1. Mind listing the phi-derived Karplus ³J(HN,Hα) values for segment A:134-139, rounded to whole Hz, using 6.51, -1.76 and 1.60 with θ = phi - 60°, and x for any glycine or proline?
2. Go ahead and run the numbers for FRET between residue A:112 and residue A:38, Cβ-Cβ distance against an R0 of 30 Å, rounding to 0.05.
3. What number does segment A:1-46 give for Rg over Rh if you use C-alpha atoms and the Kirkwood radius?
4. Roughly how large, in nm² to one decimal, is the mean projection of the convex hull of the alpha-carbon atoms in segment A:7-158?
5. With runs of 4+ DSSP H residues as the only contributors, calculate the mean residue ellipticity of chain B at 222 nm using -39,500 (n - 2.57) per run, divided by the residue total and rounded to the nearest 500.
6. Using just the helices of chain A, give the 222 nm mean residue ellipticity in deg cm²/dmol: DSSP H runs with n ≥ 4 each add -39,500 (n - 2.57), and the total is spread over all residues, rounded to 500.
7. Can you compute 3J(HN,Hα) from phi for each residue in segment A:123-131, using the Karplus curve 6.51 cos²θ - 1.76 cosθ + 1.60 with θ = phi - 60°, rounded to whole Hz and x for Gly and Pro?
8. How many nm separate the modelled label positions at residue A:135 and residue B:23, each set 7 Å beyond the Cα in the direction of the Cβ?
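Just so it is clear, none of the values below were taken in a lab; they were calculated from the coordinates. What you see is a predicted model, and the numbers here were worked out from it, not measured in a lab. Note that we place each Cβ from the backbone using ideal geometry, even for glycine, and neighbour counts take in every protein chain shown.
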Amino acid sequence: MDVFAFFEWLDASWLASISKAYGGTFAVVQVFHLLAMLTLGGMVITGDLRLLGVLLKDVPSEVVIDNTQKWINVALVALIASGIFMASAVAIKLYYNSFFWAKMTSLVFGIFFVYAIRRPLLRYDHGSINPWTLRLVAVASMTIWFVVAASGRWIGFS
Amino acid sequence: MSLATLEKIAGGLSLLVIGSAIWFYSVQILDVLELLELAYG
């Protein structure tokens with residue numbers, strides 16, 4: 001699969017025409033990207049700190065995880081959609097940026113961790129799961145999303 | 001997948017993630033300390 005061809009296509013697409021020409025539209029989409037990041041970060045931290053027994057201790061962790069997971073799904077869809085639009089404005093530049101690839105790799109790993117590890121594990125009764133496994137998963141989950149955010153910010157300074 | 005298997009995979013992968021992040025950011029911090037030492041002695 002030719003990845004560069006995809007970036008060339010994105011750079012010349014109608015999406016890029018809009019993102020490059022209309023600064024106001026780009027800014028609005030960027031706000032949605034930031035709001036989605038806030039939602040994702042907030043939901044991840046809330047769920048994981050509940051698993052660690054730091055906050056919302058009077059609410060069953062199953063309830064907190066179920067509610068936060070719904071918003072993690074919404075935030076990820078919004079992040080990816082707005083992210084593709086924003087990337088279209090600087091597609092070729094991003095292709096040559098190693099921190100962009102670090103962010104994409106950690107994002108893909110984060111999505112894998114959420115849907116293949118965290119969610120299937122937390123579908124079980126939390127009382128039946130080894131408490132140390134719960135703690136490790138909570139810390140690893142926060143770590144992964146920290147790395148995604150930090151790599152994303154690194155793009156701007158590279 | 002049984003809970004026991006899932007617990008082993010989740011625990012192992014989590015340890016790997018946490019360990020890798022600690023290693024990566026430790027290297028970054030050491031780099032900064034080295035730069036500070038070069039700059040200010």
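1. Here the 3J(HN,Hα) series is 4, 5, 4, 5, 5, 5 Hz.
2. The value I calculate is 0.85.
3. Values: Rg = 14.7 Å, Rh = 12.6 Å.
When Rh is taken as the Kirkwood radius, the ratio is 1.17.
4. Working: hull surface 38.1 nm².
Its average projected convex-hull area is 9.5 nm².
5. Working: 1 runs with 38 residues, N = 41.
Theoretical 222 nm ellipticity from helices: -34000 deg cm²/dmol.
6. The per-residue figure over chain A is -26000 deg cm²/dmol.
7. Karplus values, whole Hz, x for Gly and Pro: 6, 6, 4, 4, x, 8, 8, 3, x.
8. Distance between label points: 2.3 nm.
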